[in-house]
Amino acid sequence: MDKNQFLFLLGGLKWTLALSALGSVAGLGVALARTSGRRWLERGAAAYIALFQGTPLLMQLFVVYYGLALAGLKLDPWVSVSIGFTLHAGAFLGEIWRGSIEAVPRGQVEAAKALSLNYIDRMKDVVLPQAIRISLPATIGFLVQLIKGTSLAAIIGFTELMRAGTIVSNQNFKPLLVLGLVCALYFALCWPLSLYGAWLERRLVTAAR
Amino acid sequence: MNYKFDFGPVIEGLPELLWGCAGTLGLALSGMVLALIIGIGGVLLRDSRLAPLRWLVIAFVEAIRNTPFLGQIYFVFFALPIVGIRLDPTLTAIIALGVNGGAYAIEIIRGGVQSINKGQVEAGLALGLSRTLIFRLIVLKPALRAIFPSLTSQFIMLTLTTSIASAISAYELTSVGQAIETNTFRSFEAYGVVTLLYLAMSWMLMQMFARINARFLLYPVK
């Protein structure tokens, strides 16, 4: 494998990172909808979560990819792939963050209400800062899933790390070397995150004792 | 939007799609059986006295859990022929699914075994229960009860992961959907229906596991 092919792999890595960086905003929205106390919002968010957690990411990418084209939107593959990932991440992060919001002791919400804080201040200043701490290990765990999931963008023809790898291995006929390197790059991204998540989890357990 | 939806070709292909569902469930089930074997073996090795064996299991778990499944399945698909083993895509997919699920199963089963309080076993010994009774009532059932929820959600995840096996054209739901798409160009309709079929399958599996849980594993604690 020559230098250019390695740089091509690294170019794919850049998109992998960018794809993983998206999606959190949608997740926060879903979590807030799920805990809003308004029935139609909660039902809607629950249906959205059930749909996206019960179907494979690959299918979600396919449906978004072809669905947006049907709606007459001429989008870059990059944009439609990110929309797909944002929707996917929104469902999973929404569920993780709902759990953490509900794990904040009820007394906190009641105290904030007694201080006559409105919904936005209550969430912003009282509930969310505590919920984020609780949710951190699970959020990081999902982030690892998401980084691994970006490899599926390769199947719909988006050139990120995995597809860059298959392209290079088709050129130099060394699938083991190139795929091994690609997997090693994913590992280098995910492993530190996994370790950090496990460390946070241990710390959270000791803190709760 | 002036697109005319046409579900005709997809409805015509429905029998084929249902066979695809069977293929998916078959892959998931065989993958899960392999994963459980790897999981139990891995836990036994991880508790062994030989440090290198323990490290090997930990390295295996970390390597599998931190790399994408697509990479793993490509690896099996391209690596095994080099050592002279040529498998069809279905067997390749089962091996990849089993290895992937196995890494997660090791962690889940280990958590269940660790959740058993040592004092419980000692209490059983003090009551003069036989070894098999202690294993069945004090170790196995509570451990199974502790790991059942994570094991079943792992199984549903595995069922959804089988869709990636379409990348090496193993016979399952996604590849059937892709075949219909290629023949009829009805991409959105084909993939929409396939998505709904996945949803139906995971919902059915969830209901089934909840029933099993309620029937065999739930009992009053106090």
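The values are calculated or read from the model by the stated rules, or taken from the named source; none is laboratory data. Please read all numbers here as calculations on a predicted model, not as lab measurements. Ideal geometry is used to build each Cβ from the backbone, glycine not excepted, and the neighbour counts take in all protein chains shown. Accessible surface areas use protein heavy atoms only, side chains included; no ligands, DNA or RNA. Shrake-Rupley method; radii C 1.70, N 1.55, O 1.52, S 1.80 Å.
Taking every residue in A:138-147, how many Cβ atoms of other protein chains lie within 10 Å of its Cβ, on average? All intermediate terms of the calculation are to be shown ahead of the outcome.
Working: counts 0, 0, 0, 1, 0, 0, 2, 3, 0, 2.
Shielding by partners across A:138-147 averages 1.
Over all distinct Cα pairs, what is the inverse of the mean 1/r for the stretch B:1-111, reported as the Kirkwood hydrodynamic radius in Å? Could the numbers behind the result be given before it?
Values: mean 1/r = 0.0616 Å⁻¹.
Result for the stretch B:1-111, one decimal place: 16.2 Å.
How large is the Kirkwood hydrodynamic radius of chain A, in angstrom, based on all distinct alpha carbon pairs? Intermediate results must be reported in sequence, preceding the final value.
Numbers: mean 1/r = 0.0525 Å⁻¹.
Over chain A, the inverse of the mean reciprocal pair distance is 19.0 Å.
If you fit an axis through the alpha-carbon atoms of helix B:89-114 and take the longest principal axis of the Cα set of chain B, what angle between them do you get, 0 to 90°, nearest 10?
30
Could you tell me what percent of the accessible area of chain A is made up of carbon and sulfur, with a 1.4 Å probe and every protein chain present? Don't skip to the end; give the middle numbers.
Values: 6750 of 10500 Å².
Answer for chain A is 64 percent, counting heavy atoms of protein chains only.
For B:Leu158, what charge total do you get from the other residues with a beta carbon under 15 Å from its beta carbon, if Lys and Arg give +1 and Asp and Glu give -1? Provide the component values of the computation, followed by the final result.
On the way: positive: A:Lys148, B:Arg65; negative: B:Glu107, B:Glu172.
Summing Lys/Arg as +1 and Asp/Glu as -1 gives 0.
Enter the accessible area per residue of the protein assembly as shown (Å², integer; probe 1.4 Å; all protein chains in place).
Details: 22640 Å² over 431 residues.
For the protein assembly as shown, the per-residue accessible area is 53 Å².
Could you sort B:Met208, B:Met32, B:Met157 by their accessible area in this structure, using a 1.4 Å probe and putting the largest first? Walk me through the numbers before you get to the answer.
Details: B:Met208 95, B:Met32 25, B:Met157 70 Å².
Putting B:Met208, B:Met32, B:Met157 in descending order of accessible area: B:Met208, B:Met157, B:Met32.
What span do the alpha-carbon atoms of the stretch A:94-209 cover on each of the three principal axes, reported in whole Å from largest to smallest?
Cα extents, longest axis first: 68, 32, 16 Å.
Working from the pairwise distances between different alpha carbons, so that the mean of 1/r is found and then inverted, what is the stretch B:1-66's Kirkwood radius in Å?
Values: mean 1/r = 0.0638 Å⁻¹.
Radius from the Kirkwood sum: 15.7 Å.
Expressed as a whole percentage, what fraction of the accessible surface of the stretch B:10-58 belongs to carbon and sulfur atoms when a 1.4 Å probe is rolled over the protein heavy atoms? Kindly include the intermediate steps, with their values, before the conclusion.
Values: 2290 of 2970 Å².
Answer for the stretch B:10-58 is 77 percent, counting heavy atoms of protein chains only.
Name the residues of the stretch B:67-84 whose accessible area, probed at 1.4 Å, falls by at least 10 Å² once all protein chains are in place instead of their chain on its own?
B:Thr67, B:Pro68, B:Leu70, B:Gly71, B:Tyr74, B:Phe75, B:Phe78, B:Ala79, B:Ile82
Would you mind giving the total buried accessible surface between chains B and A, with a 1.4 Å probe and ligands, DNA and RNA left out, rounded to the nearest 100 Å²? The partial results should precede the final answer.
Values: alone 13590 and 11990 Å², together 22640 Å².
Summing both chains' loss of accessible area gives about 2900 Å².
In nm, to one decimal, how far is the modelled label at B:Thr184 from the one at A:Gln108, with both set 7 Å along Cα→Cβ?
Label-label distance for B:Thr184 and A:Gln108, simple model: 5.1 nm.
What angle, in degrees between 0 and 90 and rounded to the nearest 10, separates the Cα long axis of helix B:173-184 from the longest principal axis of the Cα atoms of chain B?
In chain B, helix B:173-184 runs at an angle near 0 degrees to the longest axis.
R0 = 25 Å: FRET efficiency of B:Glu122 with B:Phe216, Cβ-based, nearest 0.05?
Values: r = 26 Å, r/R0 = 1.05.
According to the calculation, E is roughly 0.40.
Taking the full set of protein chains and a 1.4 angstrom probe, give the accessible area of B:Thr195 in square angstrom, rounded to the nearest 10.
Spelled out: B:Thr195, probe radius 1.4 Å, area about 20 Å².
How far is helix A:3-21 tilted, in degrees, relative to the longest principal axis of the Cα atoms in chain A, given as a value from 0 to 90 rounded to the nearest 10?
The angle comes out at about 20 degrees.
Tell me the mean residue ellipticity at 222 nm calculated for chain B from its helices only (DSSP H runs of n ≥ 4, each -39500 (n - 2.57), averaged over every residue, nearest 500).
On the way: 9 runs with 161 residues, N = 222.
About -24500 deg cm²/dmol.
What percentage of the solvent-accessible surface of the stretch B:147-190, computed with a 1.4 Å probe over protein heavy atoms, is contributed by carbon and sulfur atoms?
Working: 930 of 1480 Å².
Answer for the stretch B:147-190: carbon and sulfur cover 63 percent of the accessible area.
Within the stretch B:147-218, report the chymotrypsin sites (Phe, Trp or Tyr not before Pro) that DSSP leaves as loop and that have at most 14 other Cβ atoms within 10 Å.
Numbers: sites: B:Phe155, B:Tyr171, B:Phe185, B:Phe188, B:Tyr191, B:Tyr198, B:Trp203, B:Phe209, B:Phe216; in loops: B:Tyr171, B:Phe185.
When the chymotrypsin sites (Phe, Trp or Tyr not before Pro) of the stretch B:147-218 are filtered for loop state and at most 14 Cβ neighbours within 10 Å, B:Phe185 remain.
Please name the residues of the stretch A:154-175 whose accessible area, counted over protein heavy atoms with a 1.4 angstrom probe, falls by no less than 10 Å² between the chain alone and the full protein assembly.
A:Ile155, A:Met162, A:Thr166, A:Pro175
Taking 7 Å along the Cα-to-C-beta vector as the label spot, tell me the B:Glu12-B:Ile58 distance in nanometres, rounded to one decimal.
Taking the two extended label points, one gets 5.9 nm.
Looking at the stretch A:53-76, which residues lose a minimum of 30 Å² of accessible area between their chain alone and all protein chains in place, measuring with a 1.4 Å probe and not counting ligands or nucleic acids?
A:Gly54, A:Thr55, A:Pro56, A:Leu58, A:Met59, A:Phe62, A:Val63, A:Tyr66, A:Leu70
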